[in-house]
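J.: I'd like to ask some things about the structure below.
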Amino acid sequence: MFVHPNPSPDPSAHSLGLPDTLIDFTADTTRAIAQLHYSNTFARTPDVKYIFARAGGTVPYLAGRFGIIDEMRVIPGAEGRATAAETFRRLYWDTAASWGDPVLGMLRDVVGIDPVVFGTDYPYLRRDLAVSCREHIEATPELTDGERTAVLGATATTLIPRLATPRPRTRTPAS
């Protein structure tokens with residue numbers, strides 16, 4: 001299941017005129033992950049493979065806070081779910097608008113690189129930025145060659161095996 005954020009319906013979220021991708025999408029994704037975790041949805045759906053856009057919003061940054069909430073046991077149902085840290089390691093995260101070294105480093109620390117898949121947000125992100133995203137992942141010293149291969153396709157083909165089989169191109173007759 002691919003989970004992508006939506007613009008905030010709250011008019012105050014748009015009062016600065018900032019694009020939703022800057023703040024609202026990260027908050028929406030984080031809120032969705034928190035809701036799915038603390039409602040025990042992840043625990044009830046262990047066979048579902050979830051992929052979260054934009055490196056999971058602010059989850060890599062807030063992972064420690066999720067841990068504090070788990071330790072406090074203030075949200076009912078804790079006995080029916082894994083810790084947030086354990087749950088995060090079984091989710092997948094894409095690199096759309098989140099390909100910088102600090103984000104890759106946080107992902108490595110929180111979930112490892114194995115569940116990270118390549119994403120660009122193209123065509124919503126300008127083509128040149130989408131291309132630079134790939135170029136950055138190809139060149140960053142933050143990843144080993146094996147991790148780079150995994151992020152740029154190997155993990156996706158494991159997750160979605162039909163991606164590993166090239167499909168023949170079909171040509172449409174010229175009009």
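J.: Taking the stated definitions as given, is Ala130 small (Gly, Ala, Ser) and touching a residue at least 24 places away in the same chain (Cβ under 8 Å)? Walk me through how you get there before you give the answer.
T.: Values: small (Gly, Ala, Ser): yes; touching a residue at least 24 places away in the same chain (Cβ under 8 Å): no.
Considered against the rule, which asks whether it is small (Gly, Ala, Ser) and touching a residue at least 24 places away in the same chain (Cβ under 8 Å), Ala130 comes out as no.
J.: Have a look at Asp101, Asp121 and point out the one that is without any contact (Cβ under 8 Å) to a residue 60 or more places away in the chain and not β-branched (Val, Ile, Thr). Talk me through it step by step, then tell me what you get.
T.: Details: Asp121 fails: without any contact (Cβ under 8 Å) to a residue 60 or more places away in the chain.
Only one candidate passes the filter, namely Asp101.
J.: How many residues does region 1-59 contain that are more than 28 Å from Ala82 (Cα to Cα) and either aromatic (Phe, Trp, Tyr) or touching a Pro at 6+ places or on another chain (Cβ under 6 Å) (or both)?
T.: Residues meeting the conditions: 1.
J.: Now for a different question. Listed residues Val48, Val110; which is at pLDDT 95 or above and under 24 Å from Ile23 (Cβ atoms)? Talk me through it step by step, then tell me what you get.
T.: On the way: Val48 fails: under 24 Å from Ile23 (Cβ atoms).
Result of the check over Val48, Val110: Val110.
J.: Could we say that Ala53 is under 22 Å from Leu159 (Cβ atoms) and of a type outside the set (Ser, Thr, Tyr) here? It would help to see each step written out before you state the result.
T.: Working: under 22 Å from Leu159 (Cβ atoms): yes; of a type outside the set (Ser, Thr, Tyr): yes.
Taking the combined requirement at face value, the residue satisfies it.
J.: Return the residues of region 85-104 that are aliphatic (A, V, I, L, M) and either open to solvent by 20 Å² or more (accessible area, probe 1.4 Å) or at positive phi (or both); say none if nothing qualifies. If you could, list the steps in order and put the result at the bottom.
T.: First, the residues of region 85-104 that are aliphatic (A, V, I, L, M): 85, 91, 96-97, 103-104.
If the condition is that a residue be aliphatic (A, V, I, L, M) and either open to solvent by 20 Å² or more (accessible area, probe 1.4 Å) or at positive phi (or both), then Ala85, Ala97, Val103 are the ones that fit.
J.: Residue by residue through region 105-132, note down the ones that are open to solvent by 80 Å² or more (accessible area, probe 1.4 Å), in a loop (DSSP other than H, G, I, E, B) and more than 19 Å from Ala150 (Cα to Cα). Show your work before the answer.
T.: Going through region 105-132, the residues open to solvent by 80 Å² or more (accessible area, probe 1.4 Å) turn out to be 109, 114, 122-124, 126-128.
Next cut, in a loop (DSSP other than H, G, I, E, B) only: 114, 122-124, 126.
Hits for region 105-132 are Tyr122, Pro123, Tyr124, Arg126.
J.: Out of the residues in region 141-161 that are farther than 21 Å from Phe52 by Cβ and in a helix (DSSP H, G or I), which is nearest to the chain's Cα centre (by Cα)?
T.: Going residue by residue through region 141-161, those that are farther than 21 Å from Phe52 by Cβ are 141, 144-146, 149.
From what's left, in a helix (DSSP H, G or I): 145-146, 149.
Numbers: Asp145: 21, Gly146: 20, Thr149: 17 Å.
Among those residues, the one meeting the criterion is Thr149.
J.: Considering each residue of region 129-157, count those that are polar (S, T, N, Q) and at pLDDT below 95, and give that number.
T.: Start the filter on region 129-157 by keeping residues that are polar (S, T, N, Q), which leaves 132, 140, 144, 149, 155, 157.
In the following step, the residues that additionally are at pLDDT below 95 were identified as 132.
Summing the residues that are polar (S, T, N, Q) and at pLDDT below 95 in region 129-157 gives 1.
J.: Quickly run through region 2-49 and pick out the residues that are assigned to a loop (DSSP other than H, G, I, E, B), under 18 Å from the mean Cα position of the chain (by Cα) and of a type in the set (A, V, I, L, M, F, W, C).
T.: Selection gives Leu22, Ile23, Val48.
J.: How about region 11-59: which of its residues are acidic (Asp, Glu) and open to solvent by 70 Å² or more (accessible area, probe 1.4 Å)? Write out each step before concluding.
T.: Within region 11-59, the first condition is being acidic (Asp, Glu), and the residues that meet it are 20, 24, 28, 47.
Answer for region 11-59, where residues must be acidic (Asp, Glu) and open to solvent by 70 Å² or more (accessible area, probe 1.4 Å): just Asp47.
The values are calculated or read from the model by the stated rules, or taken from the named source; none is laboratory data. Because the structure is predicted, anything quoted here is derived from the model rather than measured. All Cβ positions, glycine included, derive from the backbone under ideal geometry; neighbour counts span all protein chains shown. Heads up: the accessible areas ignore ligands, DNA and RNA and are worked out on the full protein's heavy atoms, side chains in. Shrake-Rupley method; radii C 1.70, N 1.55, O 1.52, S 1.80 Å.
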